[in-house]
1. Those residues that are of a type in the set (A, V, I, L, M, F, W, C), part of a helix (DSSP H, G or I) and either in contact (Cβ under 8 Å) with a residue 24 or more places away in the chain or at positive phi (or both), I need them from the range 486-504; list them, please.
2. If you scan the range 203-219, which residues turn out to be out of contact with any Phe, Trp or Tyr (no Cβ under 6 Å at 6 or more places or on another chain), among the small types (Gly, Ala, Ser) and in contact (Cβ under 8 Å) with a residue 12 or more places away in the chain?
3. Which strands (runs of 3 or more DSSP E) sit wholly inside the range 342-422 and have at least 3 residues that are open to solvent by less than 10 Å² (accessible area, probe 1.4 Å) and closer than 22 Å to residue 242 by Cβ?
4. Which one of the conditions (1) open to solvent by less than 30 Å² (accessible area, probe 1.4 Å); (2) within 25 Å of residue 367 (Cα to Cα) does residue 456 fail to meet, given that it meets all the rest?
5. Just to be sure before I move on: is residue 313 touching a residue at least 12 places away in the same chain (Cβ under 8 Å), within 19 Å of residue 446 (Cα to Cα) and assigned to a loop (DSSP other than H, G, I, E, B) in the structure I sent?
6. Before we move on, is residue 443 part of a loop (DSSP other than H, G, I, E, B), touching a Cys at 6+ places or on another chain (Cβ under 7 Å), within 16 Å of residue 524 (Cβ to Cβ) and not hydroxyl-bearing (Ser, Thr, Tyr)?
7. Just checking, which of 266, 286, 318 is within 26 Å of residue 11 (Cα to Cα), in contact with a Leu (Cβ under 9 Å, 6 or more places away or on another chain) and not hydroxyl-bearing (Ser, Thr, Tyr)?
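The values are calculated or read from the model by the stated rules, or taken from the named source; none is laboratory data. Small disclaimer: the values here were computed from a predicted structure and weren't measured. Positions of Cβ are backbone-derived with ideal geometry, glycine not excepted, and every protein chain shown enters the neighbour counts. These accessible areas exclude ligands, DNA and RNA; they are computed on the full protein's heavy atoms, side chains included. Shrake-Rupley method; radii C 1.70, N 1.55, O 1.52, S 1.80 Å.
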Amino acid sequence: MEEVRDLLGDRPRLRDLLIEHLHLIQDKFGCIGAAHLAALAQEMRLPMAEVFEVATFYAHFDVLREGEPSPPPITIRVCDSLSCELAGAKALLERLPSQIDEGQVRVIRAPCMGRCDRAPVAEVGHRHVDHADESSIRAVVESGDFSPRIPDYRPLAAYRDDGGYDLLRRCLGEEIDFDAIAGILDESGLRGLGGAGFPTGRKWRIVRSFAGPRLMAVNADEGEPGTFKDRHYLESDPHRFLEGVLVAAWAVEAQAVYLYLRDEYPFIRELLLREIAALEDAGLIPHTRIHLRRGAGAYICGEESSMIESIEGKRGLPRHRPPYVAEKGIFSRPTLVQNVETLYWIRDIVEKGPQWFASQGRNGGKGLRSYSVSGRVASPGVKLAPAGITLRELVDEFCGGMLEGHRLRGYLPGGASGGILPASMADLPLEFGSLEKHGCFVGSHAVVVLSDRDDMKAVALNLMRFFEDESCGQCTPCRVGTAKAVRLMDKDVWDEALLAELGQVMSDASICGLGQAAANPLNAVLRYFKEEAGLSR
């Protein structure tokens with residue numbers, strides 16, 4: 001109890017801060033023991049069952065049962081999501097334990113860390129190792145420095161020197177009104193770039209239509225394998241994003257903003273804490289408050305209602321809808337939920353005019369898109385390209401072509417859940433609404449490029465294992481369906497009829513988008529890659 005009270009200090013003992021308080025214990029002791037759980041429950045006046053169920057829901061909390069030994073002091077996580085597996089992560093996971101002192105270090109597999117362009121990736125403590133191998137990981141372990149590395153970024157002073165926060169000043173000074181801003185966004189065609197693609201101006205009007213007090217949530221939990229664009233903008237130009245946050249909060253009159261950041265980005269958390277404090281010191285946040293909330297390793301919290309449950313200090317279980325979060329979101333208040341990249345574009349669109357943004361598209365697309373490209377290309381990374389660009393154009397014009405010796409076989413247009421398309425469909429526009437008739441979608445524009453050296457059955461199995469691990473377990477079709485699919489797909493010969501039926505049940509009956517989309521890669525192999533996968537036509 002004394003240790004828990006010392007860690008919490010004068011922090012409020014509010015129910016919605018439970019996950020933040022669990023992080024304090026995990027960071028201090030490297031695990032969360034039964035005694036600390038009991039003490040935290042008592043200190044926060046919560047039932048032990050509630051504290052236990054939250055702590056055990058999230059992958060980054062090491063909850064010990066009574067009498068269970070503590071884990072080794074150093075944890076190495078090796079990403080085994082698709083882009084990292086293509087780059088050799090599976091072999092690295094097999095070799096690494098024999099290369100280190102197992103008494104002091106443990107090696108575990110981990111889902112996507114949002115660094116797919118630098119695969120394979122490992123994390124030692126809170127320090128990432130890009131293009132990881134045994135020697136680079138061992139060097140970090142031997143250094144004893146496991147703190148996050150904050151990259152070079154544009155701080156507040158430099159951003160303000162370039163006209164930063166002038167738009168916010170105009171909004172707060174009533175030089176521009178809500179209808180003008182919303183109209184500009186409507187004309188620009190800006191849509192939610194976290195995956196759903198809902199028109200931004202319309203969303204702001206919907207939230208404003210509900211009686212206040214209102215709140216805002218920012219989804220910075222990009223856990224979709226293949227997605228890393230939000231990381232790119234947050235670690236390079238955070239104030240362009242933060243100004244968008246503050247303008248949006250002004251627009252919907254949000255009393256508070258909850259910025260939900262995935263725990264795999266500890267370096268971004270450090271720089272955001274620093275820069276939000278600088279904003280407060282500069283008096284640039286008079287109209288709202290920013291609360292930076294830390295995820296704990298749960299892909300499901302990228303779904304907006306699951307994220308809101310987590311912000312409230314609960315397990316990240318998707319809510320049944322209606323009501324939608326615009327009407328009843330955080331603490332049952334009307335809530336605006338936006339993605340990082342969407343907010344990043346607000347200032348540029350208003351200053352440069354809606355036509356500047358809207359005129360950028362190709363093949364019927366409208367605007368600019370940040371494509372996270374990884375896999376078998378010569379130059380992976382975040383590629384700012386016209387909306388509606390095709391995969392072939394994206395690879396040839398922005399990625400330096402395919403890797404030497406590789407020939408395009410297929411690609412994921414929208415991350416793990418967006419399905420897989422064959423090379424023969426590389427000339428389709430990568431834009432909202434253009435791929436659904438082919439059983440795929442662009443989602444958050446995460447593109448993973450596959451070549452003739454890749455086994456499509458293995459690709460689909462990797463993705464289904466991810467969904468099995470990340471299912472929240474609330475609904476049977478997803479919880480049982482993903483596990484059953486993994487067992488069936490791990491066989492040398494697939495039972496196509498049973499897999500197709502199982503995929504249909506998951507799509508039709510799952511509560512949220514995770515289960516509804518989990519069968520997309522499976523269905524794509526059955527539809528487009530039967531011969532390549534050794535299946536009969």
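1. 486, 489, 499, 500
2. Within the range 203-219, 211, 212 meet the criteria.
3. The qualifying strands (runs of 3 or more DSSP E) are 368-375.
4. Single failed check for residue 456: (2).
5. no
6. Considered against the rule, which asks whether it is part of a loop (DSSP other than H, G, I, E, B), touching a Cys at 6+ places or on another chain (Cβ under 7 Å), within 16 Å of residue 524 (Cβ to Cβ) and not hydroxyl-bearing (Ser, Thr, Tyr), residue 443 comes out as no.
7. Details: 266 fails: in contact with a Leu (Cβ under 9 Å, 6 or more places away or on another chain); 318 fails: within 26 Å of residue 11 (Cα to Cα).
Selected residue: 286, the only one of 266, 286, 318 that is within 26 Å of residue 11 (Cα to Cα), in contact with a Leu (Cβ under 9 Å, 6 or more places away or on another chain) and not hydroxyl-bearing (Ser, Thr, Tyr).
Matching residues to (1) open to solvent by 40 Å² or more (accessible area, probe 1.4 Å); (2) more than 30 Å from residue 413 (Cα to Cα):
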{"residue": "16", "(1), (2)": "no, yes"}
{"residue": "40", "(1), (2)": "no, yes"}
{"residue": "46", "(1), (2)": "no, yes"}
{"residue": "55", "(1), (2)": "no, yes"}
{"residue": "65", "(1), (2)": "yes, yes"}
{"residue": "71", "(1), (2)": "no, yes"}
{"residue": "86", "(1), (2)": "no, no"}
{"residue": "99", "(1), (2)": "yes, yes"}
{"residue": "104", "(1), (2)": "yes, yes"}
